[in-house]
Structures are given as C-alpha cells and as structure tokens.
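Encoded as structure tokens, the structure appears first; notes follow it.
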Amino acid sequence: MENKTILREWFERVDSEKTGNITATQLKSALAVGNLEFPLSVVQQMIRMYDSDGNGTMSFDEFVGLNKFLLKVQQAFSDLQRGRGYLVPDDVYEGLVKIGFSLDSPSFYTVCESFDQKKNGRIHLDDFMSLCIFVQSARNLFNSFDTTKQGRVTLDFNQFVYCTANCRI
C-alpha cells in the first residue's frame, strides 16, 4: 500500500492552487503520473464515487480512499492476469468477487461486454479499473436508494434518470 507521505506529496503536486481539493482534470494528471490513463468521464466518476462532502472535487482523504480502491483493483488484476496482461471474462468475474462484488450472469456479461473496448474478450487493466469503478458507483447509488437495506429499490422516473446520469462513464 502507498505511504501516506508519498500520497500527500503526489496530491500536493497536482493541487496547484493549494486549495486542499483537486478537480477531475488535476486528478487525471495525478493518475497519469502513475501510468493510469483514463478518459475524463471515468475520472469524474471516481470523484463522484469518493466525494463524501459533495463539492465536486477530491480532498486528500477522499484521494486516499480512491487510492485504496484502485490498489485493491490493481492487485486483483495482477493476481488473475497470469502473465498475459489481460483478463478473460472468467477472470473478470473472479476479480469482481475478490473485490467484493456479486453480479448475476446477465448483469455480469452485459457489464463485461460494455467494458471490453476491442470486443475481443480481453479486459486490460484500465478497462478492468473502469468496470470496477462503474460497479462501485452503481452500488453506492443503489445503496443511497435502498434505505431499508433489503436489496430492492423502487424508483420514480426522475430518480431513474438521476441514477443513469450518475452511473454513466
């Protein structure tokens, strides 16, 4: 796991205005330093996923939380890629379970297909991370509507639109 001092230095380097918060563009730059290239839409999803104060930016503590999640996803990928540099669908499923996600077959295959950029059954690290970010974001959003914690929600149309807008990548 990354040392908090190193993370602090990394965070402060991209917090050019010294506000104590970084924007999606700044987070994208920080991730690129670590050889993680994501579209801005995925980085914005990362911020939404960990933006506990709802200000649209990422504080250092939120950055630490994101880092822990990304390291967990990266470790699952490393454990399962077997020297190939990519995962096949069965590996992706095993990785999701290892991270703590459980999807039924139709949901899993739909999500897996959506994040297979080349449509060749091979999920590379950046696609696996994007997939996990999507699933975690969907879980967070679902949990916000599942107030009784029974694993079921009822949404009106406006809530549904809100959900789809917040989970798209």
Out of L70, L66, L36, report the one residue that is surrounded by 15 or more Cβ atoms within 10 Å (Cβ to Cβ) and assigned to a loop (DSSP other than H, G, I, E, B). L36
I'm trying to understand the selection: among the residues of the stretch 134-166, which are closer than 20 Å to I99 by Cβ, aliphatic (A, V, I, L, M) and either in contact with a Leu (Cβ under 8 Å, 6 or more places away or on another chain) or surrounded by fewer than 17 Cβ atoms within 10 Å (Cβ to Cβ) (or both)? V135
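Matching residues to (1) hydrophobic (A, V, I, L, M, F, W, C); (2) part of a helix (DSSP H, G or I):
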{"site": "D91", "(1), (2)": "no, yes"}
{"site": "K98", "(1), (2)": "no, yes"}
{"site": "L103", "(1), (2)": "yes, no"}
{"site": "S107", "(1), (2)": "no, yes"}
{"site": "N120", "(1), (2)": "no, no"}
{"site": "M129", "(1), (2)": "yes, yes"}
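The rows are residues; the columns are (1) closer than 23 Å to V135 by Cα; (2) more than 16 Å from the chain's Cα centre (by Cα); (3) of a type outside the set (S, T, N, Q).
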site	(1), (2), (3)
V33	no, yes, yes
P39	yes, no, yes
Q81	yes, yes, no
K98	yes, no, yes
P106	yes, yes, yes
For C132, only one of the following conditions fails: (1) more than 13 Å from the chain's Cα centre (by Cα); (2) touching a residue at least 40 places away in the same chain (Cβ under 8 Å); (3) within 18 Å of E37 (Cβ to Cβ). What is its number? (1)
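A quick yes/no check of all residues on (1) in contact with a Leu (Cβ under 6 Å, 6 or more places away or on another chain); (2) under 19 Å from M49 (Cα atoms); (3) modelled with pLDDT under 90:
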{"residue": "Q75", "(1), (2), (3)": "no, no, no"}
{"residue": "R82", "(1), (2), (3)": "no, no, no"}
{"residue": "L87", "(1), (2), (3)": "yes, no, no"}
{"residue": "V92", "(1), (2), (3)": "no, no, no"}
{"residue": "G100", "(1), (2), (3)": "no, yes, no"}
{"residue": "H124", "(1), (2), (3)": "no, no, no"}
{"residue": "C132", "(1), (2), (3)": "no, yes, no"}
May I ask you to list the residues in the stretch 86-121 that are in contact with a helix residue (DSSP H, G or I) (Cβ under 8 Å, 6 or more places away or on another chain), on the phi > 0 side of the Ramachandran plot and exposed (fewer than 13 other Cβ atoms within 10 Å of the Cβ)? K119
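The values are calculated or read from the model by the stated rules, or taken from the named source; none is laboratory data. The shown structure was predicted, so the numbers you read here are calculated from the model rather than taken from an experiment. No Cβ is skipped: glycine too gets one built from the backbone with ideal geometry, and neighbour counts run over all protein chains shown.
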